[in-house]
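A.B. asks: Can you read through this structure? Questions will come right after.
The values are calculated or read from the model by the stated rules, or taken from the named source; none is laboratory data. All values reported here derive from a predicted model rather than from experimental measurement. Counting neighbours? That spans all protein chains shown, and the Cβs are built from the backbone with ideal geometry, glycine included. We work out accessible area using only protein heavy atoms, side chains counted, and drop any ligands, DNA or RNA first. Shrake-Rupley method; radii C 1.70, N 1.55, O 1.52, S 1.80 Å.
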Amino acid sequence: MKKLVPFVAVFILLATLAMVCKGSLFGHKFGVQENSAQTVTVTGDGVVVNTTDLAGNVSGYGGPVPVEIYISGGQVDSVHTLPNSESPQFFGKLEAAGLTRAWNGKTLPEALTMQVDAVSGATYSSNAYIANVRAGLNAAVADSNVAAASSGFGFSWKLAVVLLVVLAASLLPLFIHNKTYRVVQQLVNVGVLGFWGGTFIDYAMMINFFSNGVTFTLAAIITIVLLVVGLLFPVFGKSGHYCAWVCPFGSLQELAGHLTKKKWHIGKRTLNVLDTFRQVLWVVLVALLYAGIGAGWIDYEIFTGFIVESASWIVLAVGGLFVVLSIFVTRPFCRFMCPTGSLLKQL
């Protein structure tokens, strides 16, 4: 029972964040919502979502930037730009940067959690474009027509391999206690879960899950397994299992730490100060989410650096700095900063 109470508290925290940030809980909408049925059209090949009404208040440099999202088999087939007042020069930059094709081939859960940055030189246009696509994807997930028209399990060999790695990292350490295996698992975590799959727990993923609920796709199963390891394992006495065995950035830091046995000495007082900083930072960041001020920080958690093609240069720079620092200090980001880890430490 003592272990169950923290779990319930964290569950309530994430549930309320989903309601505050997304206006929904497990697919149930709260408050006044747009009627997505007017924007979703079922075709013979799948579903088309039009964001003209969904994101009519989102403007680029010259005005609204509506799009049509074509969805087939539970995946984004393509995103088409509708007529708008933006400069063709700006949209040429979006095309050249690949922004208009960024979501192609992604399942809806994958597309919703993608971290996509604005294109330099066309910031207003690209931000409006990204906001329209996200609005359309949210409408698609919430609309029953999409579930009815989208067939398939969203299977791909990439997702299948990612799921196997997640299961291995979740279960094998319960039975195998070997240093060599640990290094191998960490290398696989970094390569497959991190750089190849872009798979990890962060606030964007957790809030989207609590907001949208469960869908019967392979990507959703991966999400569920990760959350079971992160949130439920501690209830059964396996606190910190996700951070220690699954998290790709935690694995990367520990691997970097093997480069030298000489570590910097950090005094007990300094360690206490750094731990207090981590806790205060976590409280402040969660408070910002509730207040709706600066909530965009969830799109810049350090883990998004693994998705190199769309990661912010700031995230890449800070992530690289912590990897270098971890050569001399054991897992510094995990111990002194990580907002996701701070949440999981409550369990």
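A.B. asks: Using the Karplus equation 6.51 cos²θ - 1.76 cosθ + 1.60 (θ = phi - 60°), what ³J(HN,Hα) coupling, rounded to whole Hz, does each residue of region 204-212 give in order, writing x for Gly and Pro?
C.D. replies: 4, 5, 5, 5, 4, 5, 5, 6, 9
A.B. asks: With a Cα-only, solvent-free Debye model of region 226-316, what are the log10 I(q)/I(0) values at q = 0.10, 0.11 Å⁻¹?
C.D. replies: Values returned for q = 0.10, 0.11 Å⁻¹ are -0.40, -0.49.
A.B. asks: Oh, and also: Where Rh is the Kirkwood radius over the Cα pairs of region 291-341, the temperature 4 °C and the viscosity 1.567 mPa s, what D in µm²/s does Stokes-Einstein return?
C.D. replies: 110
A.B. asks: Using the crude model of +1 on Lys and Arg Cβ and -1 on Asp and Glu Cβ, and no other charge, please compute the dipole size for region 219-290 relative to its Cα centre, in debye to 20.
C.D. replies: With only Lys, Arg, Asp and Glu charged at Cβ, the dipole is about 380 debye.
A.B. asks: Once phi is turned into ³J(HN,Hα) by the Karplus curve 6.51 cos²θ - 1.76 cosθ + 1.60 with θ = phi - 60°, what whole-Hz value does each residue of region 233-248 show in order, with x for glycine and proline?
C.D. replies: 3J(HN,Hα) across region 233-248, in whole Hz: 3, x, 5, 9, x, 10, 5, x, 5, 4, 5, 7, 10, 10, 3, x.
A.B. asks: Can you tell me the relative contact order of region 150-238? Whole percent, Cα pairs under 8 Å, sequence separation 6 or more.
C.D. replies: 45
A.B. asks: While we're on this one: Given a 1.4 angstrom probe, I'd like the percentage of the accessible area of region 213-347 that is carbon and sulfur, rounded to a whole number.
C.D. replies: 71
A.B. asks: Further, regarding this structure: Can you give the accessible area per residue of the chain, in Å², using a 1.4 Å probe? Could you put the intermediate results ahead of the total?
C.D. replies: On the way: 16880 Å² over 347 residues.
Roughly 49 Å² per residue, with all protein chains present.
A.B. asks: Here's something else I'd like to know. With every protein chain kept in the model, how would you rank ARG278, ARG269, ARG134, ARG182 by accessible area, 1.4 Å probe, largest at the top? Present the calculation step by step, with values, prior to reporting the outcome.
C.D. replies: Values: ARG278 15, ARG269 200, ARG134 70, ARG182 50 Å².
Accessible-area ranking of ARG278, ARG269, ARG134, ARG182, largest first: ARG269, ARG134, ARG182, ARG278.
A.B. asks: Here is a further query. With θ set to phi - 60°, apply the Karplus curve 6.51 cos²θ - 1.76 cosθ + 1.60 along region 168-185 and write out the HN-Hα couplings as whole Hz, x wherever there is a Gly or Pro.
C.D. replies: With the stated coefficients, region 168-185 comes to 4, 5, 7, 10, 4, x, 6, 10, 10, 10, 8, 5, 5, 4, 4, 5, 4, 4 Hz.
A.B. asks: With only Lys, Arg, Asp and Glu charged, each at its Cβ (+1 for the first two, -1 for the last two), find how big the charge dipole of the chain is about the Cα centre; round to the nearest 20 debye.
C.D. replies: 1940
A.B. asks: Ignoring solvent entirely, what values of log10 I(q)/I(0) come out of the Debye formula for the chain at 0.06, 0.08, 0.15 Å⁻¹ when each Cα is a single scatterer?
C.D. replies: -0.23, -0.41, -1.39
A.B. asks: So which residue, out of GLY98, GLY60, GLY136, gets the largest mean-square fluctuation from a GNM of the chain using Cα contacts under 10 Å as springs?
C.D. replies: Per the Cα network of the chain with a 10 Å cutoff, GLY98 tops the list.
A.B. asks: With Rg and the Kirkwood Rh both taken from Cα atoms, where does Rg over Rh land for region 173-263? Numbers along the way, then the final one.
C.D. replies: On the way: Rg = 14.5 Å, Rh = 14.3 Å.
Computed over Cα atoms, the ratio is 1.01.
A.B. asks: Right, something else. A 30 angstrom limit on the alpha carbon distance is what I want to check against. Which of LYS179/LYS262; LYS3/LYS106; LYS238/LYS263; LYS262/LYS345; LYS158/LYS262 exceed it? Please report the intermediate quantities before stating the final value.
C.D. replies: On the way: LYS179/LYS262 19 Å; LYS3/LYS106 37 Å; LYS238/LYS263 28 Å; LYS262/LYS345 28 Å; LYS158/LYS262 38 Å.
Violating the 30 Å Cα-Cα cut-off are LYS3/LYS106; LYS158/LYS262.
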